[in-house]
Amino acid sequence: MVAQGGQRLAGHPRDAEAEDLSHRNRRMKSFEDIRRSARERGASSIAVAGEPDEELSCAIAEARRLGLAECTTYADAPSAARAVRDGRMQVLMKGSVDTRAFMGAILDRDEGLRSGRLISHVAVVEVGGRLILITDGGICLTPTLEDKIDILKNAVPVARSLGMDPAKVAVLAAVEKVDPKMPETLDAQKLAAMDIPGLVIRGPLAVDGAVSETAARAKGLSGPVVGKADVLLVPSVLNTSYPS
């Protein structure tokens with residue numbers, strides 16, 4: 001498990017542990033719900049790669065005060081990643097190290113956190129009194145259809161840990177109609193026809209129709225996902241900004 005702030009890189013073997021625990025959780029609607037659940041489970045051990053800056057130092061102190069986490073700083077990313085791989089720490093967090101070095105340590109074939117699965121990024125945001133997952137926001141730049149399937153599978157344990165079971169997935173595109181000139185709409189159509197355990201998938205959907213029931217009604221959209229999506233699957237990293 002690799003985390004930074006409200007973000008997580010999915011695909012680590014410990015995802016199974018999160019999945020096992022998740023069935024005890026009610027659906028969470030806010031970061032306060034997440035904090036409450038974390039306090040009930042006990043403090044996690046976090047390996048921080050590189051000295052934290054002032055903002056992160058404050059966050060670490062607050063997490064310790066609230067009983068959410070105990071953090072240990074490592075001089076470099078490989079040392080921090082090794083601590084997680086060896087089981088001495090539970091979570092890897094980026095401190096002051098360069099992002100390239102951080103990802104290099106994660107992906108190192110010998111001492112990194114590879115598990116044989118695609119590694120993807122999941123961001124958790126709180127909007128309008130509910131939590132929404134956005135994926136992939138920083139790892140898979142231009143995912144193929146096969147990559148998108150793995151990205152969605154990686155999102156399942158994250159969603160379940162928040163009580164989203166099944167999670168409602170909107171496969172995002174600029175329009176709601178399939179257009180052969182827009183490959184992301186073709187992928188969305190194929191994904192919506194798939195049965196991935198733990199997910200209800202619909203698409204293509206524009207972001208407003210995915211998260212706003214008012215916008216969905218205005219567009220004449222209906223279904224179990226429109227207007228109330230739990231997970232937003234973006235076509236590429238370049239599209240990550242528009243859900244905000």
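Coordinate-derived values only; no laboratory data. Because the structure is predicted, anything quoted here is derived from the model rather than measured. FYI the Cβ positions are ideal-geometry reconstructions off the backbone, even for glycines, and counts take in every protein chain you see.
Exceedance of the 31 Å cut-off in Cα-Cα distance is limited, within the set 181/219; 190/219; 94/177, to 94/177. You can think of it this way: the chain between residue 99 and residue 64 has 10.1 nm of extra reach, that is 0.36 nm per residue less the Cα-Cα gap. From helices alone, the chain scores -10500 deg cm²/dmol at 222 nm; the rule is -39500 (n - 2.57) for each run of n ≥ 4 DSSP H residues, then divide by the residue total. The distance linking segment 74-135 with segment 166-192 is 28 Å (Cα centroid to Cα centroid, whole angstrom). In debye, nearest 20, what is the charge dipole magnitude of the chain about its Cα centre with +1 on Lys and Arg Cβ and -1 on Asp and Glu Cβ, if you could check? Approximately 720 debye in magnitude. Taking +1 at the Cβ of each Lys and Arg and -1 at the Cβ of each Asp and Glu, which of 214, 141, 157 sits farthest along the dipole of the chain towards its positive end, judged by Cα position relative to the Cα centre? Checked the options; the winner is 214.
For segment 104-177, trypsin sites (Lys or Arg not before Pro) meeting the loop criterion (DSSP other than H, G, I, E, B) and having at most 11 other Cβ atoms within 10 Å: 109, 177.
Taking a ≥ b ≥ c as the square roots of the Cα gyration tensor eigenvalues, segment 106-187 comes out oblate, since a/c reaches at least 1.5 and a/b does not exceed b/c.
Only aspartates and glutamates eight or more places from residue 228 in sequence, or on another chain, were considered; those with a Cα closer than 16 Å are 126, 165, 176, 208, 213.
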